[in-house]
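For reference, the structure is listed below as structure tokens.
The values are calculated or read from the model by the stated rules, or taken from the named source; none is laboratory data. These numbers come from a predicted model, not from an experiment. Neighbour counts run over all protein chains shown; Cβ positions are idealised from the backbone, glycine included. Side chains are part of the model used for accessible areas, which takes the heavy atoms of the whole protein and leaves out ligands, DNA and RNA. Shrake-Rupley method; radii C 1.70, N 1.55, O 1.52, S 1.80 Å.
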Amino acid sequence: MTSFRRLPAGGIACYPTETCWGLGGRYDDRAAYKALLELKRCSERPFLVLVGDVKDLEGIALSPADSVRKAMDAFWPGPLTLLFDPARNCPDYLVGESGKVAVRMSPHDGAKRLISLAGPLVSTSANLSGQSVVNGIEEARRLFGESVSLYWDDGEPPIPPQSSTLAVWEEKWRILREGPVSLEELQRLDR
């Protein structure tokens, strides 16, 4: 396991999750968000927030609707990204065009350990925009070099596919990205 050193302001970590290698920095650090945009070579857009515990939602998201709470209870931690109404103090760069903030809780031991030390992370896949996600820590080092402050090679390697992204609008589930958790599985929770 790589030893931890606190992420500096604007610092980025590369780490495994259950679905892919990720890049992230402190969720409340605008410089880290901007560094992610530069690393991925993409224009401004929101990334998801990776949390280690439901308590981490405080300051990021408002209390979830009942349907979202059921999905959290059934599939978190796991490869399911949910959209929440942002908390009053949630950084604006985390809020998408829908007015929501995307949040996921990874069950990966390495990701959980990193979050327990660094706090919730503004997170995205470890790749250049439009290209494949890196296949391991050495590929990440070759691609990102010293632009990444911390390479966190802790735990099992990721196993694709990427997470499902779902949201509730007007009390109905909408799938925004296909993944391991299906729309049908979520709809069954409402029965």
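Treating cross-link reach as a plain straight distance, find the aspartates and glutamates whose alpha-carbon is under 15 Å from the alpha-carbon of residue 112, omitting any fewer than eight places away in the same chain.
Here the aspartates and glutamates satisfying the reach criterion relative to residue 112 are 18, 53, 56, 153, 154, 156.
At a temperature of 10 °C and a viscosity of 1.306 mPa s, determine how fast the range 61-181 diffuses translationally according to Stokes-Einstein, using the Kirkwood radius over alpha-carbon pairs as Rh; express D in µm²/s, rounded to the nearest whole number.
Numbers: Rh = 16.0 Å.
Taking Rh from Cα pairs, D becomes 99 µm²/s.
In nm, to one decimal, how far is the modelled label at residue 177 from the one at residue 109, with both set 7 Å along Cα→Cβ?
2.6 nm
Mean residue ellipticity at 222 nm from the helices of the chain, using -39,500 (n - 2.57) per DSSP H segment of n ≥ 4 over the full residue count, to the nearest 500 deg cm²/dmol?
Here the helix-only value at 222 nm equals -7000 deg cm²/dmol.
Give the percent of DSSP beta bridges with both residues in the chain that are antiparallel, rounded to the nearest 5.
Values: 22 of 30 bridges.
Roughly 75 percent of the beta bridges in the chain run antiparallel, per DSSP.
Going by the alpha-carbon gyration tensor, a ≥ b ≥ c the square roots of its eigenvalues, is the range 1-122 rounded (a/c under 1.5) or, if a/c is not under 1.5, prolate (a/b greater than b/c) versus oblate?
The shape class here is oblate.
For the range 48-59, what does the Karplus curve 6.51 cos²θ - 1.76 cosθ + 1.60, with θ = phi - 60°, yield as ³J(HN,Hα) per residue in whole Hz, taken in order and with x for Gly and Pro?
Each residue of the range 48-59 in turn: 7, 10, 9, 10, x, 7, 4, 4, 5, 5, 4, x Hz.
Can you work out the accessible area per residue across the range 47-190, with the rest of the protein chains kept in place, probe 1.4 Å, in square angstrom?
Numbers: 7210 Å² over 144 residues.
Heavy-atom accessible area per residue stands at 50 Å².
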